[in-house]
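These notes are about the structure you will find just below.
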Amino acid sequence: MKKIILILTLFLIISCNNSVNNNGVTEEYKVKFEQQIEAFKSFTNGFNSENIDVLMSVFADSVQWNPPQYNEGKLLGYDDFKKSANYYFESFDEITFNPGEGLIGSDYAYWSGSLYSEGETNAEPNVMRAYGTWSGIHSETGAKVYNKWYAVINFNEDNKIATFSEWMDVNGMQVQINEFLESSKN
């Protein structure tokens, strides 16, 4: 009987070690994270193809959006984000996300799970961080613009974006357009 209990105990230990890596990340979490990356790629593909339906298909109807420009911390919703995306469609061509571009020491664009400043750890991939560079061509002037970009994205149980906070130098686009126009005069 003791041998059976010992064998069962060893079996359970080995089984647990196979389903969780040394960081506490389960295969289920890895699969979920990959699904979220694919959802985010649908978002960026929607921008590149200027297809508002593809772009918005990854957002929950109740999304809370914190835009990159300062707005006194007001959270915006689905319709606000859609309006902003349409503005970019009208103002820029060839909108492209270059994942991981601009990071020093890493080629990775997507991160999930964290150590938090309060000392907590979390291996769940519900909150993803994405890094990279957006580029496009200003429709009116032909100026090529680049922006380093960062976002914190929270997915709901349906793998839709529930909260979306993003950061980039919005004024930097206008600066690049102005520099292009100045250099074109010469």
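The values are calculated or read from the model by the stated rules, or taken from the named source; none is laboratory data. Source: prediction; values computed, not measured. Every residue, glycine as well, gets a Cβ built from its backbone with ideal geometry; the counts of neighbours run over all protein chains shown.
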**Report entry** Hits in the stretch 129-138 (condition: over 20 Å from ILE104 (Cβ atoms) and either touching an Asp or Glu at 6+ places or on another chain (Cβ under 7 Å) or of a type in the set (Lys, Arg) (or both))
**Finding:** GLY136, ILE137
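Do you know which of the residues in the stretch 139-186 that are charged (D, E, K, R) and part of a strand (DSSP E or B) is farthest from ILE104 (Cα to Cα)? Explain how you work it out, then say what you get.
The initial filter retains those residues of the stretch 139-186 that are charged (D, E, K, R), namely 140, 144, 148, 157-158, 160, 166, 169, 179, 182, 185.
From what's left, part of a strand (DSSP E or B): 144, 148, 166.
Working: LYS144: 23, LYS148: 12, GLU166: 19 Å.
The qualifying residue farthest from ILE104 (Cα to Cα) is LYS144.
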Query raised in the report: Quick one: is TYR131 assigned to a strand (DSSP E or B) and crowded, with 16+ Cβ neighbours inside 10 Å?
Result: yes
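Filtering the stretch 15-24 down to residues that are within 22 Å of GLU157 (Cβ to Cβ) and surrounded by 12 or more Cβ atoms within 10 Å (Cβ to Cβ), which residue is modelled with the highest pLDDT? Walk me through how you get there before you give the answer.
The first filter runs over the stretch 15-24 and keeps only residues within 22 Å of GLU157 (Cβ to Cβ), leaving 19-20, 24.
Checking which are surrounded by 12 or more Cβ atoms within 10 Å (Cβ to Cβ) leaves us with 20, 24.
Values: VAL20: 48, GLY24: 66.
Residue satisfying both the conditions and the ranking: GLY24.
Looking at the stretch 159-172, which of the residues that are over 17 Å from SER112 (Cβ atoms) and out of contact with any helix residue (DSSP H, G or I) (no Cβ under 9 Å at 6 or more places or on another chain) is modelled with the lowest pLDDT? Outline the logic, then answer.
Restricting attention to the stretch 159-172, the residues satisfying the condition of being over 17 Å from SER112 (Cβ atoms) are 167-172.
Those still in the list that are out of contact with any helix residue (DSSP H, G or I) (no Cβ under 9 Å at 6 or more places or on another chain) too: 167-168, 170-172.
Working: TRP167: 95, MET168: 94, VAL170: 88, ASN171: 91, GLY172: 93.
Only one residue tops the list, namely VAL170.
Which is surrounded by 12 or more Cβ atoms within 10 Å (Cβ to Cβ), at pLDDT 90 or above and farther than 22 Å from ASP158 by Cα, of PHE89, PHE40, PHE81?
On the way: PHE40 fails: farther than 22 Å from ASP158 by Cα; PHE81 fails: farther than 22 Å from ASP158 by Cα.
So the residue among PHE89, PHE40, PHE81 that is surrounded by 12 or more Cβ atoms within 10 Å (Cβ to Cβ), at pLDDT 90 or above and farther than 22 Å from ASP158 by Cα is PHE89.
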Query - Residue, modelled with the lowest pLDDT, within the stretch 92-113, restricted to residues that are of a type in the set (Ser, Thr, Tyr) and assigned to a strand (DSSP E or B) - result: SER112
Report task. Of all residues in the stretch 138-158, count the ones that are at pLDDT 95 or above, exposed (fewer than 15 other Cβ atoms within 10 Å of the Cβ) and on the phi < 0 side of the Ramachandran plot. Result -> 4
Query - Subset of the stretch 56-70 (residues that are surrounded by 11 or more Cβ atoms within 10 Å (Cβ to Cβ) and not aromatic (Phe, Trp, Tyr)) - result: MET56, SER57, VAL58, ALA60, SER62, VAL63, GLN64, ASN66, PRO67, PRO68, GLN69
Report task. Could you check how many residues of the stretch 25-76 are in a loop (DSSP other than H, G, I, E, B) and touching a residue at least 40 places away in the same chain (Cβ under 8 Å)? Result -> 6
Query raised in the report: Checking GLU27 against (1) at pLDDT 90 or above; (2) under 30 Å from THR121 (Cβ atoms); (3) among the acidic types (Asp, Glu), which single condition isn't satisfied?
Result: (1)
